[in-house]
1. How many nm separate the modelled label positions at ARG175 and LEU211, each set 7 Å beyond the Cα in the direction of the Cβ?
2. Once each part is reduced to its C-alpha centroid, what is the distance from region 199-246 to region 1-65 in angstrom?
3. Would you mind getting me the FRET efficiency between ALA38 and ARG183? Use the beta-carbon distance for r and R0 = 41 Å, nearest 0.05.
4. Arrange ARG175, ARG111, ARG183 by Cβ neighbour counts within 10 Å, fewest through most, would you?
5. What value in Å³ per residue do you get for the convex hull of the alpha-carbon atoms in region 189-245?
6. How far apart, in nm, are the 7 Å Cα→Cβ label points at ARG222 and ARG21?
7. Evaluate the relative contact order of region 8-80 (contact order divided by residue number), counting alpha-carbon pairs under 8 angstrom at least 6 apart; express in whole percent.
Amino acid sequence: MRTGLRALAVVVIGLVIVTARVLWSSHVEWREGEALLARGESARAVDRFGRAARLYAPGNPWSSRALDRIEEIAQRAEAAKDEEAALSAWRELRAAALATRAIYAPNAARRLVADEHIAALAAALESPAVDPGANGPTARAGSEAVGHPTAKNDNEAAQSRPGAARLGGLAAQRRWHAERLARTDEPNVAWSVVALLGFALWVGAAVGFLLRAIDERDRLRRSSAIAWALGFLAGVALFALGLGRA
């Protein structure tokens, strides 16, 4: 009983230390972002706020404030017609939201908002010569699927092709980006939980085998050894299954 309580105390203390470290680091990054923003260095501030947002822990106020700041910067850039700066900020917000996913996604709603803006801005910045219905490496030369702006000479490239008008229209371009932004390749939550439970059983059974299946004379207790060994094998199997299906 005492051994179990000591182990639990060690785990709790470890979690407290890790959480405190995450909160402090997030606060430091947020404070740096605020200082940069006050000096008018919005691009560098977005980077700092992104770091603060990624240092997520349940109830961390600086992570949420950092995401709020990034959204404010993105909206101000859009209002000022600075589309490239707005796109960069929205993409940082999206990346931070994806980075904080675990068994649940605390910033899923923010990511959806960012995706909408990224799709619109990427379509607006994209070359008029790009065909949203085309596939292959030539379909979006110089542009990434998540909405990077293309080269500055896009208009010249478009003019060198017959029919330089935007193929498919802005709505089609926006839809193309939105479809790809929706593909996040998120792991299956249920199978992820199975993998975690399998890992816990695997480690627990290994510890149990060492503590319970061997007596004071270093001889195996047959029944205990079989039970813990089966638990160990079951844990490994569940972990592998969950990892493979997740």
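Rule-based calculations on the coordinates, nothing more; no lab input. For clarity, every value in this text was computed on a predicted model and none was experimentally measured. Neighbour counts are summed over all protein chains in view; Cβ atoms, including those assigned to glycine, are modelled from backbone coordinates with ideal geometry.
1. For the pair ARG175/LEU211, the computed spacing is 6.0 nm.
2. Going from one Cα centre to the other spans 35 Å.
3. 0.60
4. In increasing order of surrounding Cβ atoms, one gets ARG183, ARG175, ARG111.
5. Values: hull volume 2.8 nm³, N = 57.
Residue-normalised Cα hull volume stands at 49 Å³.
6. Here the modelled spin labels are 4.7 nm apart.
7. Averaging sequence separation for qualifying contacts and normalising by length gives 29 percent for region 8-80.
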